[in-house]
Each structure stands twice: as structure tokens, then as C-alpha cells.
Amino acid sequence: MQIQSDVSLLPFNTFGLDVHCRALVTLDSLADLPQLPALVRQYPLVLPLGGGSNMLFCEPFDGLVLLNRLKGIKVTQDEQSYLLEVGAGEGWTELVDWTLAQGMGGLENLSLIPGTVGAAPIQNIGAYGLELKDRCQYVDYLDLQSGECHRLAADACQFGYRDSIFKGQLQGKVLITAVGLRLNKKWTPVLDYAPLSQLTYDGVTPRQVSELVKKVRRAKLPDPSQLGNAGSFYKNPTITKTSFEALKKVYADLPGYEVSPGQIKVPAAWFIDRAGWKGKRLGDAGVHEHQALVLVNHGRARAVDIVELARQIRDDVENKFGVCLSPEIRVIGASGEIPL
Ligand SMILES: Cc1cc2nc3c(=O)[nH]c(=O)nc-3n(C[C@H](O)[C@H](O)[C@H](O)COP(=O)(O)OP(=O)(O)OC[C@H]3O[C@@H](n4cnc5c(N)ncnc54)[C@H](O)[C@@H]3O)c2cc1C
């Protein structure tokens, strides 16, 4: 295990920002883990990093980045299910494709989500009507202080919309080392979400669902290797039914659906678009021309440009509609995560 000093994070974040960290270590073997508590005492600021596809590095990070590259997929089975234990450094997209190639359905709605398996539980990744929590059995992690390994059953992970215990109580304290997934042998497609509802339940295959998800995503979302971005920048906010009805009187086309009694989830993209930000630029930082929820780096944007654009959008949406947008991506400053 080799520690490198003053490393550029350019190859390790999908926004394409050339921000440095004080030190970086690549973890590619479980044998590296017992050394971590001593390292954490040496570098009290540590940040686990997967594919950097949900990060905005705002300023040089004054700590140690733990680049997670722990690989391996173990498969066992019982009568009903395939049970997968997947190394946290495996690529998520590659895992989904691998399961489909093995004839295992269940993850197809989550095709083409960038990043690593170990980061998937952090914000409970989700797309097209499915979330990680629907397939997760457990999460294995290392306590970075004590060096102890723990297994947390899925129902103890406090999974919610883009949320989990790893963004709360355990934030900054653990390194996820593996994720356990349960895939039913008797596959049931999830086709409720609009673009997938054109498929029929009868005779459809996991691969067909995956192909459609990929087609829709490729048409809708910019490829980070072509145009720097970190996917959806903001979460979809939840507002009260009273606020929703008041907004509906002025903006009849505002979409929304009830997530709990009196609470309505509304699309952040609708507000950003309606406030006139789609396609706008602030230097090389911009709002994607087809997807208002995605902020992009047109080439030479600096982190401060993206932050400034993100703040202006948030403030403008709040002033115009009284709706507060909070970031889905993690904003990382010199000492760790900071508010936008
Ligand atoms: C084009 C695009 C489309 C996207 N679409 C979706 C989507 O449809 N749905 C969705 O939910 N997300 C989406 N995302 C966001 C992103 O892909 C996910 O959040 C993904 O899980 C991030 O994985 P990562 O390995 O890149 O994590 P990183 O960005 O490296 O890290 C994210 C957070 O997890 C922590 N972390 C990472 N690995 C570990 C670990 N092993 N142990 C402990 N903490 C860790 C980091 O410290 C950080 O706080 C999209 C992103 C892009 C660029």
C-alpha cells in the first residue's frame, strides 16, 4: 500500500476538476485494511472515494483520500435467490451488465449509473422505479477508528430517498468494503416508470429492460467522459400539499406526487427550467441544454464557477417559487463535506 502526496483528483472525479488532495492511497486488497486505523491517526481527515461521480471538489482537500478499488464477486444461491457479495471497488455499471450476462435479473433498472458498488448504498442509488434498497441484503464496512469490520443488514441501513445511515450517523467514520445483494430467481420486471411502461410484462426480458434504460439515459444525460458532470445536482424537493396547491394555481403544469400524507414530491428540474436556467452558462460552468438538473463543465470551469452557478440557481428558485433546493451531490471543501 503506497501513499502518494499532493495528488491531482482530475482522473478521479467526473466533473473533470483539477483539484488536489494532500495524500492518496489506493486500496486494492483486503490485506490493506488492518493498516487503515494507524493511517487515520496520522491523517485525521480521510475521505473514501469511488468513481467521484457524486462529488464536487471545491478546494484542495487537506486530508487523505482512500481510493477504493476492492474487487471480487462471490455468488451463492438458495432455492429462491442468487446471493451476491460484491467488492466495493467493482464498477456498478459493470456489475449490472455482468449479472445480466449470467442470466440474473433484478438490477436492470439501475443500468448505466456511474460509480462503484461501495458508493451505491451511500445515497441508495435509484432510477426508473428501483432503488438499491430493493435488492440490498447487507453492507459490510470497516470502522476507520477501531479497525473493526461490521455487517449491517439492509433494514438497519436507514435507506431513504438518496439517503442512508452512511450519510448520517456513520458519515466519515467508515469504509464500505462489500455489498450483499439478493436477486430473485423468479424475476419480476419493474415497469411502472414512464419510459419503461411502453414494455409489456408478458415476455419481456431483463436484458430488454436494461437496453431501454440505457437508450433513454444516453439520450437524456451527458456522458461524463465527453462533458464533465455529476448527474443530478439537486434532489427533488418535498413540499407540503398546501404549498403545492398554491403553486398549482399559478403554474397549472407543475407535476408532483404524494409521498406521504400531505407531502408532495416535485421535480427540481421543473423549477430550474421554469426559472430560465436550462442551457445557461457562467463562464465554462453551465446547465445542460436538455436536462436542467445537470450542471456541466464545458471545459475549463473551476470549482468556484460551478459552486457560484449552483448557488445562483438555488437562490433564484427559492425567490421565484419559495422552494428550497438541496444538493444531491457531495460538496467537498478543504476539511471535508461542506454545505453548498
Ligand atoms: C451521468 C450521471 C448519472 C447519474 N445517475 C444517477 C442515477 O440515476 N441515480 C443515482 O442514484 N445516482 C446517479 N448518479 C450519481 C452517482 O453515480 C452515484 O451517486 C454513485 O453511487 C456514486 O458512486 P461513486 O463511486 O462515483 O461515488 P463517489 O462520488 O466517489 O462518492 C460518493 C460519496 O460516497 C462516499 N463513498 C464512496 N465510496 C465509499 C466507500 N467505499 N465507503 C464509504 N464511503 C464511500 C464518498 O466519500 C462520497 O461521500 C449519476 C452520476 C452521473 C455522473
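Just so you know, all these numbers are worked out from the coordinates, no wet-lab data involved. In this text, all values refer to a predicted model and were calculated from it rather than measured experimentally. With ideal geometry, Cβ positions are generated from the backbone for all residues, glycine too; neighbour counts draw on all protein chains shown.
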Enclosed volume per residue, in Å³, of the convex hull spanned by Cα atoms of region 3-68: 77
Most mobile of Leu295, Leu199, Leu183 in a GNM of the chain (Cα contacts under 10 Å): Leu199
Trypsin sites (Lys or Arg not before Pro) within region 195-251: DSSP coil, no more than 11 neighbouring Cβ in 10 Å: none
Principal axis dimensions, largest first and in whole angstrom, of the chain by Cα: 60, 51, 37
Sites Asp315 and Arg281, calculated FRET efficiency, Cβ-Cβ separation with R0 25 Å, nearest 0.05: 0.90
Cα-projected label distance for Ile3 with Val250, points at 7 Å along beta-carbon direction, nm: 5.4
Lysines whose Cα lies under 30 Å from that of Lys214, excluding same-chain neighbours fewer than 8 positions away: Lys71, Lys74, Lys133, Lys167, Lys185, Lys186, Lys235, Lys265, Lys278, Lys280
Gained length - Arg274 relative to Lys186, 0.36 nm times residue gap less alpha-carbon distance: 27.3 nm
Residue of Gly118, Gly160, Gly51 that the Gaussian network model of the chain assigns the largest fluctuation, springs spanning Cα pairs under 10 Å: Gly160
Efficiency of FRET from Cβ geometry, Arg217 and Glu94, R₀ 25 Å, rounded to 0.05: 0.95
For the chain, built as a Gaussian network whose Cα springs stay under 10 Å, the top-fluctuating residue of Gln226, Gln198, Gln291: Gln198
Rg to Rh quotient for region 24-140, alpha carbon positions, Kirkwood Rh: 1.01
